[in-house]
1. How many of the residues making up segment B:100-111 are touching a strand residue (DSSP E or B) at 6+ places or on another chain (Cβ under 8 Å) and open to solvent by 50 Å² or more (accessible area, probe 1.4 Å)?
2. Condition test on B:L136, is it under 16 Å from the mean Cα position of the chain (by Cα) and open to solvent by 10 Å² or more (accessible area, probe 1.4 Å)?
3. Limited to segment B:99-115, what total is found for residues that are in contact with a Pro (Cβ under 8 Å, 6 or more places away or on another chain) and in contact (Cβ under 8 Å) with a residue 60 or more places away in the chain?
4. Just to be sure I understand, how many residues within segment B:61-93 are part of a loop (DSSP other than H, G, I, E, B), open to solvent by less than 30 Å² (accessible area, probe 1.4 Å) and closer than 24 Å to A:A89 by Cβ?
5. Among the residues of segment B:1-24, which ones are open to solvent by 50 Å² or more (accessible area, probe 1.4 Å) and outside any helix (DSSP H, G or I)?
6. Restricting to segment A:46-68, count the residues that are within 18 Å of A:C109 (Cα to Cα) and either of a type in the set (D, E, K, R) or modelled with pLDDT under 90 (or both).
7. Determine, yes or no, whether B:Q192 is open to solvent by 40 Å² or more (accessible area, probe 1.4 Å) and within 14 Å of chain A (Cβ to nearest Cβ).
8. Mind listing whichever residues of segment A:89-102 are within 15 Å of A:L43 (Cβ to Cβ), surrounded by 15 or more Cβ atoms within 10 Å (Cβ to Cβ) and without any contact (Cβ under 8 Å) to a residue 24 or more places away in the chain?
Amino acid sequence: MSPTRKVLKDGLWTNNPIFVQVLGICSTLAVTNNLRNTLIMVLGVTFATAMGSLTLAFMKDVMPRKVRMIVTVLIHSFYVIIVDILLKAYQPAISKQLGPYVGLIITNCILMGRAEAFANANKPGLSFIDGLANGLGYGWVLVCIAFIREFLGFGSLLGIKLVGEGFTPWTIMVMAPSAFFLVAIFLWGANTWKAKASQGGQKK
Amino acid sequence: MKLKKESIGYVVIFTFVVCMAFVVLLALANQVTLARVKANQQYASHYAVLKAFGLADPETSRDEVESSYSSKVKELPEPSPGLSAYLSTIGESPYIAVKITNPGLWGPITAILAADPKAERILGLEILDQQETPGLGGRIGEAWFTDQFKDEKVGTDGKVSVSQGSGKGDPDKENSRADAVTGASRTSEFVQTLVAKALSAVKEIGGSL
């Protein structure tokens, strides 16, 4: 398998940030009761992780080890604030809806996790792909959870009502506890699947 | 003299240069988009005032909003610092709107409330800015919540109560109450206080017209 393909597969599945690295869980709990906010969060995290990893990989040879974490936070903050500025200027409606979400991307553990685990020791191109794959790996899990939560919690998807007036919303799905047990179900399901797949592979 | 990568001198110079470079780039991006951001904020305020007066809806174009605002809305002198007031005549009757900022759970909530000069019935409420919990208190900006205040009769105590109900919106316009956001009772209490303060301001301005 080529390095690029391996990095992509790792981020999306084998070493998925949510159910293997267990990173970015705070935002998974916070944003997934609304599919539209989830999609914007995913785009923001993917952009910041990919661009942050790329920049860091370019700078790693001249960066002193002592200040690497503070510089990493600076780089990620830079990209996140750029996203915030662009949204405020060109997509004010989305910017208003997201409110404090965008700034919170800086604290997403996936950004620092990929910087420390990958971008600090790899070439810029591959680091960019690693950031992209991890952002998308985080994204597809979040979208699945948001799909379930918004549909059962509000009876809608992307704010569009899909069920009739007779539907009783599952209020718990809108609140944080539902994200805890949905994430746990995802972790359990994905890890069971992976364990069975590896056992099957060993038998062969 | 060549500095070693881990020496104090190199660390200080490197950190300073990197911080300066990113700060300059951010300041540049901010400066380039500043005029556009200010124009967006002004438009959002004009739209919210018109929407509270019932003179605009999401279908109204940006140009229509600006022309309606300049022709139908009169900005009144600031009744008190931080409070803006607007007057519009709809049909034959004058209506007053106020832009008010009041504390919320995580930060200030800025809203525009329009009502008749005696503050007996609300014409409309628009949330202009808030920092409440996304997905919970943040839902006070959604149409189902703000629409509850449209044409709502104000209670004899000058309030509209925001209390736990079905969570779908209270359609009764005569009971002086609105459904709170499920899971955000504290934010709903802050909205209740904000609406009461806005109504009191409208009444005061209406009395001096």
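1. 3
2. no
3. Within segment B:99-115, residues that are in contact with a Pro (Cβ under 8 Å, 6 or more places away or on another chain) and in contact (Cβ under 8 Å) with a residue 60 or more places away in the chain number 2.
4. 0
5. Of everything in segment B:1-24, those that are open to solvent by 50 Å² or more (accessible area, probe 1.4 Å) and outside any helix (DSSP H, G or I) turn out to be B:M1, B:K2, B:L3, B:K4, B:K5, B:E6.
6. Counting residues in segment A:46-68 that are within 18 Å of A:C109 (Cα to Cα) and either of a type in the set (D, E, K, R) or modelled with pLDDT under 90 (or both) gives 1.
7. Details: open to solvent by 40 Å² or more (accessible area, probe 1.4 Å): yes; within 14 Å of chain A (Cβ to nearest Cβ): no.
Taking the combined requirement at face value, the residue does not satisfy it.
8. A:S95
The values are calculated or read from the model by the stated rules, or taken from the named source; none is laboratory data. Source: prediction; values computed, not measured. A quick note on method: Cβ atoms are made from the backbone with ideal geometry, for glycine too, and the neighbour counts reach across all protein chains shown. In case anyone asks, the SASA skips ligands and DNA or RNA and just uses the protein heavy atoms, side chains included. Shrake-Rupley method; radii C 1.70, N 1.55, O 1.52, S 1.80 Å.
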